[in-house]
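Laboratory data are not the source of any read-out in this text; all were calculated from the coordinates shown. Only a predicted model underlies this, so the values are computations on that prediction, with no experimental measurement involved. As a convention, Cβ positions derive from the backbone with ideal geometry for all residues, glycine included, and neighbour counts pool all protein chains shown.
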Amino acid sequence: MNEISAGLVAKDMKIAVVVSRFNSFLTEQLVKGAEDAFVRLGGDSASLELVKVPGAYELPVVIKKLALTKRYDAVVALGAVVQGATTHASLINETTARAFNQISLETLVPVVDGVVSAESLEQAVERCGTKQGNKGFSAMQAAVEMVNLMKMI
């Protein structure tokens, strides 16, 4: 059986990073993690385009517009949604995740979901650069791998 698998080399890629300003003390760490991953994987930080939106709910429409331009090899979505006393966070997480998938399928531009979904502020902090790593870093790794894979198939 022949296997197609892609590497983690970001050379000559152009990736858009779309980040929510809401919970900026968390999302700024995600952006740093994404940029760090891109550079460590051989990318030039000048090839990253950072776009800020008000909140996680606004991510999909901007991401779709960017994906439709075909100027980017991939788009990384970053945000931090912390569960409160209502189900609002669950609604945002489900809606955005579904939209990211749909945009990828419609445009064939990989959209990687780097939105932290946490039940508490402590959990969110852990996933934005402390004990649990940095979801921005891992989202960028996934984006780079997907770009390479899409070029191979």
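Helical content alone sets the calculated 222 nm signal of the chain at -15500 deg cm²/dmol, taking -39,500 (n - 2.57) per DSSP H segment of four or more residues and averaging over every residue. Between the helical axis of 135-152 and the longest alpha-carbon principal axis of the chain there is an angle of about 30 degrees. Restricting attention to region 15-152, the count of lysine pairs at 8 or more positions apart or across chains with alpha carbons under 27 Å apart stands at 19.
The simple Förster model, with R0 at 30 Å and r as the Cβ-Cβ distance, assigns Phe25 and Thr69 a FRET efficiency of 0.50. Summary of the geometry: region 1-77 and region 104-144, compared by the centres of their Cα atoms, lie 10 Å apart.
Among Val51, Ile15, Ala74, which residue has its Cα furthest toward the positive end of the charge dipole of region 1-94, with +1 on Lys/Arg Cβ and -1 on Asp/Glu Cβ? My answer, from the dipole projection, is Val51. Sequence-distant contacts, meaning Cα pairs under 8 Å at least 6 residues apart, place the relative contact order of region 15-152 at 32 percent. Here the chain is treated with +1 on each Lys and Arg Cβ and -1 on each Asp and Glu Cβ, and its dipole about the Cα centre works out to around 300 debye.
Quick check: from the Cα gyration tensor, does region 15-152 come out rounded (a/c under 1.5), prolate or oblate? Oblate, since a/c reaches 1.5 and b/c is not below a/b.
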